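*Asks:* Dropping a structure here in structure tokens format, bear with me for questions.
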Amino acid sequence: MTAAPDAALAEPLLDVAGLTLRFGGTTAIRDVGFGAGEGSLLAIIGPNGAGKTSILNCLSGVYRPQEGTIRYRGEDLRGMRPDVIARLGVARMFQNIELFENLTVLDNLMLGRHRHLRYGTLAALLYGGKARRAETENRRVVEDIIDFLEIQAIRGSLVGMLPYGLKKRVELGRALAMEPTLLLLDEPVAGMNVEETEDMARFILDIRGELGVTMIMIEHEMGLVMDIADQVLVLDFGRRIALGPPAQVQRDPAVVKAYLGEAS
Amino acid sequence: MTAGTVTRGRSTGTVIRGRSTGAVRGRPLLRTSYAAEQAIWNTPAKRAWTLALVVAVLALPFFLSRDLTSLMTTVFIMAIAGIGLNLVTGYAGQVSLGHAFFMGLGAYTAAVFGGAGDDELVGLGLDMAVWLPMAGVVPALVGLVVAPLAARVRGLYLAILTLGLVFIGEHVFKEARSITGGVGVGRAPAEPVLFGLDLRARYHVFGYILSREAVFYFVCFAIFVVMAMAARNLVRSKPGRAFAAVRDRDVAAALMGVSLRRTKTLAFTISSFYAGVAGALLVVVIGRVTPTSWDLFLSIDLLAVILIGGIATISGSILGAAFVVLTPRLVSELADVVPFISTSPSSGFLSVFQLQTMLFGALIVLFLVLEPRGLYGLWVRVRNYWKAWPFSY
């Protein structure tokens, strides 16, 4: 990726410093710092239990880190409720699918539009001009996302009935429906076959290339990470052991040691 | 298709000007606008059947006896309460056993604002246009106060917490004699005088004599339609989706920007409003009630309404209300025919009351096991069968 150095040098959208998260006596994340420039794609990798998902949970407000700062567009996200952070434009795709199973694909995507629907409860009860207009306008946006992700055929299906790969796609759609500035992807291609992985990679590249959304992606699929990430953050036991462009990280002795064990 | 269109927005759906339904002649199921698809009655069949049903309901009191008319009025009222409970329990997933309390609160609020006062009872004797909204607003406010507590717990704990409301309520109702009349005495309900029109009198309309039961039937039907429509609007728009999101995955809901506390509070508040209105209307139909009427059994009846009718459906709540209100009557009619059922509690093998309690219990178990979507689910099965007929797939 030639765009990598420029993206990394740009004004950081997200700047995390000294992040520390403890559960009782266990330290899940220890003094981790990183940044993500506007429109860049940061990949987080590391062995199981390294604290990757915990970092995303801190960013989206599900966990409250004890120390450190999470500066996002000049605001400190630490201590904010998840719904407040979401309204600031941080969207999330989960490792284990967290869709609303009893709702249709359309309703799931419309829930992504929640923060963009600006009418009150009274308007909803009456379903008059304002609510009706807002619903229709946002439906239009949702339909564009449905087109983009090529899920037209299943828009009316209950999400619970869909196969795994499509659920992942719907979840990406729900996150996109939020029109996020920062998109957190937790293993977007886990459990997918080659074809589905390629589709997802194409969507991720399109999201960055055409929508300019900044992304932080946790992924174990190294081929994907090396291909599409601008920066790679490597964690091991909650510590940052490397941060840099993919090619550089790949050769880092600390990373090799974490993944392959002590060199003989 | 490229990603750029996501932000640009495009003009999908060729809206045919001047056709509000969005249907094309000869192709009734082809929808050409989002508004047409999002409509409540989005197929011609739904429109036709709803219209037929409304006509039937409006004609009914002219053919029914007065006590059956009152029974049908009770169906509408229980449907209002059931819709309220379904909003909080079915849609928002917050189990509430406390709805008897809110119904009682609504009934007494109405009695205070609309009932006749004397030296023992507080009563302002206001018009129904005042006491009916107040019967909803006061329970809603109490719901608003209780909700932050309720929003902190879930599942079984919430069931116990709301159960506590019923017992606290019963105690308060028993003790507040100047409002409720006290145990064994009770008080007369609020007076149904709407905009100066006395709903207890008979009216002559186009040569027909409308009994007071029929007059109240029409009034309750109108209130029911308005409240059912409002609930349906709620659940198909932003707050309703937020309810379902909180029910299905609360963490994911929060990460969509849905405030859990606000959403649960809203569900409790609106639901209490519905319960209060239903309570106020219910006493007008059944007359003087003692404070012990608002007990756990009423709450369980309401749960039966939504469990038998169909969780998280508005039409299911209506079916459930009809079932729960009409079945006891049917059972007692049967008592004359079936030998071992007696209408008096002391004689015979089974009394009507015992039979109906057993019947509800058995039905709730059967529905939970066999068709969790309730009567509504059965209806969906029947509909799908005939849609595919004569093929079985």
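*Asks:* Of the listed pairs A:168/A:257; A:130/B:264; A:130/B:238; B:46/B:387, which have alpha-carbon separations greater than 21 Å here?
*Replies:* As for pairs spanning more than 21 Å Cα to Cα, those are A:168/A:257; A:130/B:264.
*Asks:* Specify which residue in the list B:386, B:99, B:293 is farthest towards the positive end of the charge dipole of chain B, using unit charges on the beta carbon of Lys, Arg (+1) and Asp, Glu (-1), about the Cα centre.
*Replies:* Value: B:386.
*Asks:* Taking R0 as 35 Å, what FRET efficiency do you get between residue A:116 and residue B:30 from their Cβ-Cβ distance, rounded to the nearest 0.05?
*Replies:* That gives a FRET efficiency of 0.75.
*Asks:* Please give the average number of partner chain Cβ atoms lying within 10 Å of the Cβ of each residue in A:127-140, rounded to a whole number.
*Replies:* For this peptide, the per-residue mean of nearby foreign Cβ atoms is 4.
*Asks:* Let me ask you something else. For residue B:358 paired with residue A:260, estimate the spin-label separation in nm (one decimal), with each label point 7 Å from Cα along the Cα-to-Cβ line.
*Replies:* According to this spin-label approximation, the distance is 7.6 nm.
*Asks:* Using alpha carbon centroids, what distance separates segment B:82-133 and segment A:203-218, in Å?
*Replies:* Cα centroid to Cα centroid, the span is 53 Å.
*Asks:* For the charge dipole of the protein assembly as shown, defined by +1 on Lys and Arg C-beta atoms and -1 on Asp and Glu C-beta atoms about the Cα centroid, which residue among B:240, B:51, B:268 has the Cα displaced farthest towards the positive pole?
*Replies:* Most positive-ward Cα: B:51.
*Asks:* A follow-up question, please. Taking every DSSP beta bridge that has both residues in the protein assembly as shown, what percent is antiparallel when rounded to the nearest 5?
*Replies:* Expressed as a percentage, antiparallel bridges in the protein assembly as shown total about 60.
*Asks:* Right, something else. Rounding to the nearest 20 debye, state how big the charge dipole of chain B is about its Cα centre with +1 on each Lys and Arg Cβ and -1 on each Asp and Glu Cβ.
*Replies:* 2320
*Asks:* Calculate, for residue B:197 and residue B:60, the FRET efficiency according to 1/(1 + (r/R0)^6) with r their C-beta to C-beta distance and R0 22 Å; round to the nearest 0.05.
*Replies:* Efficiency, rounded to the nearest 0.05: 0.55.
*Asks:* Would you work out the relative contact order for chain B, in percent, from Cα pairs under 8 angstrom that are 6 or more residues apart?
*Replies:* The normalised contact order for chain B reaches 24 percent.
*Asks:* Next question, about the same structure. Considering only DSSP states other than H, G, I, E and B, which trypsin sites (Lys or Arg not before Pro) in segment A:55-163 qualify as loop sites with at most 10 other Cβ atoms within 10 Å?
*Replies:* Passing both the DSSP loop test and the Cβ count: A:118.
*Asks:* Measure off 7 Å from each Cα along the Cα-to-Cβ vector at residue A:150 and residue B:288, then give the distance between these two points in nanometres to one decimal.
*Replies:* For the pair residue A:150/residue B:288, the computed spacing is 7.5 nm.
*Asks:* A further question on this structure: Can you find, among B:151, B:283, B:115, the residue farthest towards the positive end of the dipole of segment B:69-296? Put +1 on the C-beta of Lys and Arg, -1 on that of Asp and Glu.
*Replies:* B:151
*Asks:* Using the Cα centre as the reference, give the magnitude of the dipole from point charges on the C-beta atoms of segment B:69-296 (Lys, Arg: +1; Asp, Glu: -1; all else neutral), rounded to the nearest 20 debye.
*Replies:* The dipole magnitude comes to about 980 debye.
*Asks:* Looking at the P(r) of segment B:69-296, how many percent of alpha-carbon pairs lie beyond 27 Å?
*Replies:* 35
*Asks:* Quick one: go through segment B:143-187 and flag any residue whose amide nitrogen is under 20 Å from the point 7 Å out along the Cα-to-Cβ line of residue B:119.
*Replies:* B:177-182, B:185-187
*Asks:* Rounded to the nearest 5, what % of DSSP beta bridges with both residues in chain A are antiparallel?
*Replies:* 55
*Asks:* On to the next question. What do you get for Rg/Rh over chain B if you use C-alpha atoms and the Kirkwood form of Rh?
*Replies:* Taking Rh as the inverse mean 1/r over Cα pairs, Rg/Rh reads 1.00.
*Asks:* Could you pull out every residue, at least 5 positions away or on a different chain, whose amide H is within less than 5 Å of the one on residue B:187? Hs are placed 1.01 Å off N in the peptide plane, and Pro or chain starts have none.
*Replies:* Amide H neighbours of residue B:187: B:289.
*Asks:* Now, a different point. Roughly how many Å is it from the Cα centre of segment A:41-90 to that of segment B:180-239, as a whole number?
*Replies:* 53
*Asks:* Let me ask another. With a 10 Å Cβ neighbour count serving as the proxy for reagent exposure, in which order, fewest first, do A:148, B:76, B:195 appear?
*Replies:* Ranked by crowding around the Cβ, least crowded first: B:195, A:148, B:76.
*Asks:* Provide, as a two-decimal number, the C-alpha radius of gyration of chain A over 2.2 N^0.38 Å, N being how many residues it has.
*Replies:* Compared with the compact-globule rule of thumb, chain A sits at 1.04.
*Asks:* Place a point 7 Å from Cα of residue B:206 in the direction of its Cβ. Which residues in segment B:57-98 have their backbone N less than 15 Å from it?
*Replies:* B:57-63, by backbone N distance to the label point.
*Asks:* Output ³J(HN,Hα) for segment B:41-55: one whole-Hz value per residue in order, computed from phi by the Karplus curve 6.51 cos²θ - 1.76 cosθ + 1.60 with θ = phi - 60°, and x for Gly and Pro.
*Replies:* Once θ is set to phi - 60°, the couplings for segment B:41-55 become 9, 9, 10, x, 5, 4, 4, 5, 5, 5, 4, 4, 5, 5, 4 Hz.
*Asks:* Right, something else. Using modelled backbone amide H atoms (1.01 Å from N, in-plane), which distant-in-sequence or interchain residues come within less than 5 Å of residue A:35's amide H?
*Replies:* Excluding prolines and chain starts, which carry no amide H, the hits are A:16.
*Asks:* Segment A:135-252: D in µm²/s via Stokes-Einstein (Kirkwood Rh, Cα pairs, 20 °C, 1.002 mPa s)?
*Replies:* For these conditions, the coefficient is 137 µm²/s.
*Asks:* Something else: Whole-Hz Karplus ³J(HN,Hα) for segment B:78-89, in order, using 6.51 cos²θ - 1.76 cosθ + 1.60 and θ = phi - 60°, x for Gly and Pro?
*Replies:* 5, 5, 4, 5, x, 4, x, 5, 5, 4, 7, 8
*Asks:* Further, regarding this structure: Given charges of +1 on the Cβ of Lys and Arg and -1 on the Cβ of Asp and Glu, with all other atoms neutral, how large is the dipole of the protein assembly as shown about its Cα centre, in debye to the nearest 20?
*Replies:* Dipole about the Cα centre, nearest 20: 1380 debye.
*Asks:* To the nearest 0.05, what FRET efficiency results for residue A:67 and residue A:137 with a Förster distance of 60 Å applied to their C-beta separation?
*Replies:* 0.90
*Asks:* Residues with amide H under 5 Å of residue B:94's amide H, sequence separation 5 or more or different chain, H placed in the peptide plane at 1.01 Å from N; which?
*Replies:* B:89
*Asks:* Please work out the Cα center distance from segment A:13-28 to segment A:138-163, rounded to the nearest Å.
*Replies:* Centre-to-centre (Cα) distance: 36 Å.
*Asks:* Okay, next question. In nm, to one decimal, how far is the modelled label at residue B:172 from the one at residue B:329, with both set 7 Å along Cα→Cβ?
*Replies:* So the label points at residue B:172 and residue B:329 sit 3.3 nm apart.
*Asks:* Please compute, for peptide B:254-267, the average count of beta-carbon atoms on other protein chains lying within 10 Å of each residue's beta-carbon.
*Replies:* 6
Every number here is computed from the coordinates shown, using simple stated rules; none is lab data. All figures in this text were calculated on a predicted structure; none of them were measured in a lab. Glycine gets a Cβ as well: all are built from the backbone with ideal geometry, and neighbour counts include every protein chain shown.
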